[in-house]
1. Let me see the P(r) profile for the range 54-98: every Cα-Cα distance counted, bins of 10 Å, each bin given as a percent of all pairs.
2. Only four residue types carry charge here, +1 at the Cβ of Lys and Arg and -1 at the Cβ of Asp and Glu. Report the dipole size of the chain about the Cα centre in Debye, rounded to the nearest 20.
3. Distance in nm between label sites at ARG63 and ALA34, each 7 Å beyond Cα in the beta-carbon direction?
4. Among GLY38, VAL15, MET71, whose Cα projects farthest towards the positive end of the dipole of the chain, with charges put on the beta-carbon of Lys, Arg (+1) and Asp, Glu (-1)?
5. Based on the inverse mean of 1/r over its pairs of different Cα atoms, what is the Kirkwood hydrodynamic radius of the chain, in Å?
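Please treat every number below as a calculation from the coordinates, not as lab data. All values reported here derive from a predicted model rather than from experimental measurement. Every residue, glycine as well, gets a Cβ built from its backbone with ideal geometry; the counts of neighbours run over all protein chains shown.
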Amino acid sequence: MKLQELLTHRFIKAVKTAFPVRTPLIGPRWFKLAEREGLPHFHFTGVGSIAKAVKLPSQVVARRILEGLNMRELDAEAIISPDAKVIVLKFHKPMATY
C-alpha cells in the first residue's frame, strides 16, 4: 500500500473514532502528500471543516484526531498549524523507505 493510501485510511479511522456521527466527515481533497528535502510531508487540511460540522473548536478537533492516529511504526512527527486547521506529518525517513 502506498504511503498516501495508508495515511488516508489511518486519518479516516481516527476521525470516525473521535467523532462517531452518521454522516461522513472526510473529503478526498483534504489529503496532500508533498516532499521536502527528500522527506515526505503529509498535510490533512480538513480540521476546520470537521470542527464546523461537529461544532467544536479546531484545536479540540485536531487534538482528538491525533489521539486516535496510530503512527507508531512510521517515524513521523505530527504538527498542528497555528490556526489549528491543518495537521502536518513530517517524516524522518526518505519516501522510498515507506
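1. All Cα pairs, binned at 10 Å, distribute as 24, 48, 23, 5 percent.
2. 440 debye
3. 2.7 nm
4. In the chain, that residue is VAL15.
5. 13.6 Å
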